[in-house]
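Notes follow the structure.
The values are calculated or read from the model by the stated rules, or taken from the named source; none is laboratory data. All values reported here derive from a predicted model rather than from experimental measurement. Positions of Cβ are generated from backbone atoms using ideal geometry, with glycine treated the same way; all protein chains shown enter the neighbour counts.
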Amino acid sequence: MESSGATAMDASPDRPRSTWRADPGPGGPLPRLLPAAMLVAATCLCAGTADLFTPELPLGAYLAIAGAGLLYRWWWEVRGVHSGAGAVLGFVGHSLACVGLVMLNPLYGFYAFVGYFDAVRIFTGPALWLAIAAVASATGLSQSGGTTGAWASPPMFVLIVVVNVALSGTMIMVEKRREEAVTRREEAVRRLEAALAENAALQAQLVGQARESGVLEERARLSREIHDTVAQGLVGVITQLGAIESAGAADRVRIERAGRAARDSLAEARRAVAALASPHLDDADLPTALSRLVRRWGEAAGIEGRLVLDGPPRESAHDADLLRIAQEALANVARHSGARRTTVTLTYVADEVRLDVRDDGHGFDPDAPAAGRGLPGMRERLRAAGGALVVESRPGEGCVVSAAVPT
C-alpha cells in the first residue's frame, strides 16, 4: 500500500503531540493501553492452546512475540502515528505481522482487530478502505480457522473478508459522521457564544449611550430651569435695586453691596447655564460647534476666549467626546482659574485629533488637584474613546489641558 494523495495523514498543527496515555484523537475514545492489553491477552491465550495449533513452538517464542509487539505499540503511540510516511510503513508492517501471527495461531485474531483503530487514525478516503481490507484479511483468516480453514473453503474465506470489510467500514463511516456532527454542533455553540458576547457588548453600549443621553437631557433641563428662574430673578433684583433713588448714604452703601452680590450671583448662574447646556453636533461640524461654545462661554463667563484651528478639519468618531471635554475644561476655567484670556486650539494630525485649552489663570499643582469630578470625568471619557488626557500647570503660570483621540 503506497502513500499517495488519497492517504491523508493527521498532521494538524493544532493537534497536541500524543503520549503513551494521551487521548487517541480521531480514532475515537480507545485507551492507549488497550491494544497492548489485547496483545498480552491474545499471546497468553495462544500459549495456553499451543498444543492445538503449534505444539512445537516453545514458550520463549510467545514471550518474544509479546515483547516485540509491546515495543511496536510503544513506538506507534509515541511517534509512529505522527511520523507521516513512517506511519504508513509501520501500519503495513504491522498488518503483515498480524497475518503471520494468525497463520501461526488463529486466536491471534483477537489482537489483529486493533488494526481497525490504527487505520482510522492515519488514513482517509480510498486509502482507508484499503487499510480496512488489509485488517479484514487478518481477522477473516482467524475466523476461518487459520490457513487450513481458508484453504479448505476459499469462497467462505472471501465471503468472511467481504463481510468484515462491510461491517467495519460501515461502523467507521457512521462514527466519522457522528464526529463531524459533533464538530458542527461545537462550532455552532462557539458561534452562538460569540454572538451572545457581541450582543451583550452591544447592549452595554446601548445602555451607556442611553444613560449619557439621559444625563445630557437632565443637564439641559437644569440649564433651562436656572436660566428661567434664578437668572431671571436676579436680573429683576438688580433692576429694582438700580431704580431706588431716594435713599440715604448708609442705605445707598447697602444697596450697592446688594447689587454687587446680585450681579456676582447672576454671573455664577450664567456660568452654570453655560456649563450645563448640552452641546450638539447634529447641525454642525466640530470646529463650528467649538466656535459657538467658546463664544457663548466667553460672554457668560466674562473671559476673553478664542478658537484656533490647526490643520484641515475632518470628521472623527469622537467629535462629541472632544466637545464635551472642551465644555468641561472651559467650565473649570470659569470656576477656578481667575483667567482673563483662554485659547482653545483644535489640531488635526495624521492619526489623531488634539484639543488644547490654555488659560492665563493662577494655575495649580496637577499632582494635588482640587476635589471634584472634572478632571477624573474627562480622563474616563477619553479612556473609553481610546484617547489620553494631559494636564500641564504650575501655580501662577496658568494651565493647559490637552486631550487627544484617534481618528
## Note on the structure
Picked from segment 319-368 (must be among the polar types (S, T, N, Q) and in contact with a strand residue (DSSP E or B) (Cβ under 6 Å, 6 or more places away or on another chain)), the residue modelled with the lowest pLDDT is Ser337
### Query
Could we say that Val81 is touching a helix residue (DSSP H, G or I) at 6+ places or on another chain (Cβ under 8 Å), more than 22 Å from Gly140 (Cβ to Cβ) and part of a helix (DSSP H, G or I) here?
yes
### Task
Test each condition in (1) charged (D, E, K, R); (2) more than 37 Å from the chain's Cα centre (by Cα); (3) assigned to a helix (DSSP H, G or I) for Arg324 and report the one that comes out false.
(2)
### Task
Take Val353 and decide whether it is of a type in the set (Val, Ile, Thr) and under 17 Å from Gly338 (Cα atoms).
no
#### Entry: Count - residues of segment 327-358 that are touching a Pro at 6+ places or on another chain (Cβ under 9 Å) and aliphatic (A, V, I, L, M)
2
#### Entry: Every residue from segment 84-126 that is in contact with a helix residue (DSSP H, G or I) (Cβ under 8 Å, 6 or more places away or on another chain) and β-branched (Val, Ile, Thr)
Val88, Val92, Val99, Val102, Val114, Val120, Ile122
### Message
Looking at Glu304, Glu299, can you tell me which residue is charged (D, E, K, R), surrounded by fewer than 18 Cβ atoms within 10 Å (Cβ to Cβ) and at pLDDT 90 or above?
### Response
Glu304
### Query
Which residue out of Gly377, Gly372, Gly396 is surrounded by 13 or more Cβ atoms within 10 Å (Cβ to Cβ) and at pLDDT below 90?
Gly377
### Query
In segment 50-78, which residues are surrounded by fewer than 14 Cβ atoms within 10 Å (Cβ to Cβ) and outside any helix (DSSP H, G or I)?
Pro55, Glu56, Pro58
### Query
Tally time: how many residues in segment 294-321 are within 26 Å of Gln209 (Cα to Cα) and small (Gly, Ala, Ser)?
3
### Query
Identify, please: which residue in segment 79-93 is within 22 Å of Phe110 (Cβ to Cβ) and small (Gly, Ala, Ser) and is, among those, surrounded by the most Cβ atoms within 10 Å (Cβ to Cβ)?
Gly80
## Note on the structure
Here the residues within segment 331-359 that are among the β-branched types (Val, Ile, Thr) and over 35 Å from the mean Cα position of the chain (by Cα) are Val333, Thr342, Thr343, Val344, Thr345, Val357
### Query
What single numbered condition from (1) touching a His at 6+ places or on another chain (Cβ under 9 Å); (2) part of a loop (DSSP other than H, G, I, E, B) fails to hold for Val353?
(2)
### Query
Residues in segment 355-368: is at least one in contact (Cβ under 8 Å) with a residue 40 or more places away in the chain and farther than 30 Å from Gln205 by Cβ?
yes
